[in-house]
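Accompanying notes for the structure given below.
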Amino acid sequence: MRRQLGLYGLVLAFGMGAVGLVHAARGPREAPWALTYPLVALLSVPAVELALLRSGFRPDRLLLPLTAALLSVGLATLYRLSPDLAARQATAVCAGLVAMVASAHWVARARAGEGAGPLWGAAFLVLVALPPFLPGGGELAPPLVDLGVVAFQPLGLAVVFLVVFCAFQLARERRAFVGAMVAAGVLLLLVQRDVGGAATVLVTTLGVAYVATGQAKPLAVVAAVFGAVVLVAHPLLPHLTPRVQGWLDPWSDPAGGGYQTLQATFALASGGLFGAGPGAGHPDLVPAAHTDLTLVAVGEEWGFAGILAVLTLYAVWTARVLKAAISASETFPRLVAAGVAVAVGAQAFVVAAGNVRLLPLVGLPLPFLSYGVSWIVGHLALLGLALGVSHRAGGR
Amino acid sequence: MKSRLRKLGALNLAAAALLAAWAAYWQVVRGPDLAHDPRNPRLLLAEERVARGAVLDRRGRPLAVTVWRDGRAQRVYPHGEVFGHPVGYRSLRLGKTGLEAALDAELLGVGEVTPWRELERRLTGRRRGLDVLTTLDAQVQAWAWKALGASAGAVVVLDVRTGGVLASVSRPGFDPNRLEETWAQLQRAPGSPLLDRALLGAYPPGTTFRLVVLAAALSRGVVTLDGPAPCSSRPEAHKEVRWRQALSVPCDRAFEGLVEQVGAATLREVAEAFGLGTPPPVEPAATAGQLPQPKDLDAARLRRLGTGEGVLASPLQLALVAATLARGGERPRPHFVAALRPVGGQDLERGQVPPPTRILAVQVARGIQAALQEATRSPAGAAGGEFSVAGLADGGPGRPGWFVGFGPRSSPRLAVAVVVEHGDAEAAARAARMLFLRALRVVR
């Protein structure tokens, strides 16, 4: 307990220091009460862990502190871009922590044989199919639902149901069923022109399936088929071509398709090794820095050192979840943890790769860092699943 | 299943390493280049947050300073149109020219970074640019401006010892303080006031090119100073003019013949050594002028080269010729910047000014110095009189008036080129005389 508190002391000193520095750099215009949102959200993390420990829960020691570190980088970056966004993100973090506790408790007791297995798949499909029938949407991919009170991308929540569904059904070897449901989901997303979301769903499923079956080749064929479908269908996805073109050769259209890539590159380059310093860069020049290009905003003001720290946090986070999967004694929790590791790890990789121009941008947020209500809630729920699995495996 | 999970774990680490390498490529390897790319919008924004450094003359007198009025930075040029040309202007709407453009990075402080300025920037989020200490002299510049009067033309004064530019005047000029109000007018004005004639004006050098021809001939041993110059078609008249007297007398025939004897290739070689045909390496952009290629010269055009026809040179280039002769054949490196000065700090060396290059033997240069003294004594060249100046004046129909020379004669300090458009030798010599009269007192 004491060691854990020490760990949190370190993480929160860093996180609150970062938010405080950004606040100071924004100058006297900013009302100090704007700070309360991110600070309350960050303090809630150790409070929740303390409550879990009190109730006899024994989850992985590092996962929550690591998540708190990632969340504080995200909140500091969002606060830098707009304190209003940071406040909304902080609220989402608090809601996500509730979802996390719920999913941790649920998975700690769940049995593969019981419960309404197929309903998880149905919930996933409904969430994926939802956006066209609700207000909002528009040009964004993944599609956005705007309910007035809150705007969110249902995909962020759908991923949670997908992971549970895949683990449930694959633990019972219902491969065809999983294949059919996921294929339907992928098609629904492609119809909504969300290639990045479709890829996330597919990769997560393939990851769980690989761990469950060990058959790499057929799964690779599925991935190749998906790539071929996107390639053939790309005339139907008009936003895709300029995005890929802007990635391959941004100077061919510096004011259009290449604009975002160029601004991101200039931001990264201006950051250099140690960054411009909090508040001293211009991450606001980068379009969609708060959602798609959060790592670029980190890289401009905190430099390569900041990016390296974030990448390290992701790598250790994913490794800890995989460790929980390895030490799990039953197939279902093992597949759940594997799904969490792949869903979060793969998304972090693909989005970060888009940020540093290794791959084209997919339009998804960076787990725990970027702004996105449903993604924060969804990813914290996934974390809850991993915590529950690690508790089942004897935890710490 | 466990082995598959371990494989995923290995993949996870490999992916993180790949991402880190890729980020390092853009931030560390390509970073410095891209950060200073002119298309990076941060550079423009940086200007608004930077207190731009001042441009100072060689005694630290301000030529361009940033003052704060109503919380906004404003660039003020205390000397107005007198320094309009070498210093240039800086306007968000109209861009930058002159030293303001050439030293933009230093004035903004993105060029040199000292640990202290870096710390200050980190703490305050604000940067101060470097002050630029130039070689210009506010007094000499003002006299040169006055000496030129209302004529269109230019004056360049070089410090013979260092190669530093003491004055660089171009008329008509413009007032950088009122640039935006007068812009439309300046664009339409006759005489192109926005053109810096001192650095960018390419003029036919006329008989001042004889200096180069004579230097080539003497250094190759084609003639001696006491040999007869065939100025006239009548052979008996030859004895009257020797080469040491030939510079300023009507003697085109002799120099046409001399060019033939020297040869096109040798002449070009010597002219290039003087710095003609290439842009002088000063900080703002300067013209290369024009020097014909030997292969383009037929016999007639080669002869006419003796009168400077086919050659174009800027006042800066001819001042450099004068400075080279004044130094006894060593060409100094012309420059505007003496040092960079951080606020409240030690001057930063801005790289060493390269040492002068010897391009002529001392005896040859001394010989031409002597010939120039003869020229100054003659009616057409007179500029110095009691101020012991050596120089050559030229002018005529269809070409500008020139004075190219140096002073004081015994131990030269100033090298000067004056050009007066639509003027004659007398107008240029008069301007040079006025300038030397005063400048030699302060520079000596």
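The values are calculated or read from the model by the stated rules, or taken from the named source; none is laboratory data. Since the model is a prediction, treat every value here as computed from it, not as a measurement. Note: ideal-geometry Cβ built from the backbone for every residue, glycine included; neighbour counts use all protein chains shown.
Of the helices (runs of 4 or more DSSP H) lying entirely inside the range A:61-139, those containing at least 3 residues that are closer than 28 Å to residue A:179 by Cα and either at pLDDT 85 or above or out of contact with any strand residue (DSSP E or B) (no Cβ under 9 Å at 6 or more places or on another chain) (or both) span A:83-109, A:117-129. Taking the condition among the aliphatic types (A, V, I, L, M), surrounded by fewer than 19 Cβ atoms within 10 Å (Cβ to Cβ), in a helix (DSSP H, G or I) and over 17 Å from the mean Cα position of the chain (by Cα), does residue B:254 pass? Taking the combined requirement at face value, the residue does not satisfy it. Where residues in the range B:7-39 are more than 7 Å from chain A (Cβ to nearest Cβ) and within 13 Å of residue A:342 (Cα to Cα), which of them is nearest to the chain's Cα centre (by Cα)? The selected residue is B:11.
Pick out, from the range B:336-420, the strands (runs of 3 or more DSSP E) lying fully within it that include 2 or more residues that are surrounded by fewer than 24 Cβ atoms within 10 Å (Cβ to Cβ), at pLDDT 85 or above and in contact with a strand residue (DSSP E or B) (Cβ under 6 Å, 6 or more places away or on another chain). First the steps, then the outcome.
Numbers: elements: B:337-341, B:390-396, B:399-407, B:414-420.
Qualifying strands (runs of 3 or more DSSP E): B:337-341.
Check residue A:301 against each of (1) more than 23 Å from residue B:31 (Cβ to Cβ); (2) out of contact with any helix residue (DSSP H, G or I) (no Cβ under 6 Å at 6 or more places or on another chain) and name the one condition it does not meet. Failing condition for residue A:301: (1).
Look through the range A:333-348, keep the residues that are at the interface with another protein chain (Cβ under 10 Å from one of its Cβ atoms), touching a Gly at 6+ places or on another chain (Cβ under 8 Å) and small (Gly, Ala, Ser), and return whichever of them is farthest from residue A:387 (Cα to Cα).
Filtering the range A:333-348 down to residues at the interface with another protein chain (Cβ under 10 Å from one of its Cβ atoms) leaves A:334-335, A:337-338, A:341-342, A:345-346, A:348.
Still in the running and touching a Gly at 6+ places or on another chain (Cβ under 8 Å): A:338, A:341-342, A:346.
Of the ones still in play, those that are also small (Gly, Ala, Ser) are A:338, A:341, A:346.
Numbers: A:338: 12, A:341: 12, A:346: 19 Å.
Per the stated criteria, the residue is A:346.
Going by what's in this entry, would residue A:320 be described as within 30 Å of residue A:169 (Cα to Cα) and basic (Lys, Arg)? Yes; evaluated as a whole, the condition is true for this residue.
Just name the residue that is surrounded by the most Cβ atoms within 10 Å (Cβ to Cβ) out of those in the range A:7-56 that are out of contact with any Asp or Glu (no Cβ under 9 Å at 6 or more places or on another chain) and aromatic (Phe, Trp, Tyr). Result: A:37.
Condition check for residue A:17 on (1) under 21 Å from the mean Cα position of the chain (by Cα); (2) without any contact (Cβ under 8 Å) to a residue 24 or more places away in the chain: one failure, at (1).
For the range A:234-258, a residue qualifies if it is of a type in the set (A, V, I, L, M, F, W, C) and modelled with pLDDT under 80, and the qualifying residues are A:236, A:237, A:240, A:255.
When each of A:91, A:77, A:67 is tested for being polar (S, T, N, Q), in contact (Cβ under 8 Å) with a residue 24 or more places away in the chain and in contact with a Ser or Thr (Cβ under 9 Å, 6 or more places away or on another chain), the lone residue that passes is A:77. Residue-level analysis places residue B:321 outside the set of residues that are over 21 Å from the mean Cα position of the chain (by Cα) and either among the hydroxyl-bearing types (Ser, Thr, Tyr) or under 27 Å from residue B:201 (Cα atoms) (or both). Among the residues of the range A:307-332, those identified as more than 8 Å from chain B (Cβ to nearest Cβ) and among the aromatic types (Phe, Trp, Tyr) are A:317, A:332. Among the residues making up the range B:174-193, those that are touching a Phe, Trp or Tyr at 6+ places or on another chain (Cβ under 6 Å) and either surrounded by fewer than 18 Cβ atoms within 10 Å (Cβ to Cβ) or aliphatic (A, V, I, L, M) (or both) are B:179, B:186.
Within the range B:40-54, identify whether any single residue is modelled with pLDDT of 80 or more, surrounded by fewer than 13 Cβ atoms within 10 Å (Cβ to Cβ) and away from every other protein chain (no Cβ under 14 Å), and answer yes or no. No, there is no match, as no residue in the range B:40-54 is modelled with pLDDT of 80 or more, surrounded by fewer than 13 Cβ atoms within 10 Å (Cβ to Cβ) and away from every other protein chain (no Cβ under 14 Å). Selection of the range A:349-374 for residues being among the small types (Gly, Ala, Ser), more than 9 Å from every other protein chain (Cβ to nearest Cβ) and either buried (at least 24 other Cβ atoms within 10 Å of the Cβ) or touching a Cys at 6+ places or on another chain (Cβ under 9 Å) (or both) yields A:354, A:370, A:372, A:374.
Taking the conditions exactly as written (surrounded by fewer than 21 Cβ atoms within 10 Å (Cβ to Cβ) and either touching a helix residue (DSSP H, G or I) at 6+ places or on another chain (Cβ under 7 Å) or more than 24 Å from residue A:246 (Cα to Cα) (or both)), does residue A:306 satisfy them or not? No: the conditions fail for residue A:306.
Taken over the range A:264-304, the residue count meeting the criterion of being outside any helix (DSSP H, G or I) and either without any contact (Cβ under 8 Å) to a residue 40 or more places away in the chain or more than 11 Å from chain B (Cβ to nearest Cβ) (or both) is 15. Among the criteria (1) touching a residue at least 24 places away in the same chain (Cβ under 8 Å); (2) part of a helix (DSSP H, G or I), the one residue A:366 does not fulfil is (2). Per the listing A:213, A:261, A:200, A:205, the residue uniquely within 13 Å of chain B (Cβ to nearest Cβ), surrounded by 21 or more Cβ atoms within 10 Å (Cβ to Cβ) and not aromatic (Phe, Trp, Tyr) is A:261. Restricting attention to the range A:150-207, the residues being farther than 17 Å from residue A:222 by Cβ and outside any helix (DSSP H, G or I) number 10. Only one of the numbered conditions (1) assigned to a strand (DSSP E or B); (2) farther than 12 Å from residue B:208 by Cβ; (3) not hydrophobic (A, V, I, L, M, F, W, C) is violated by residue B:426, and that is (1).
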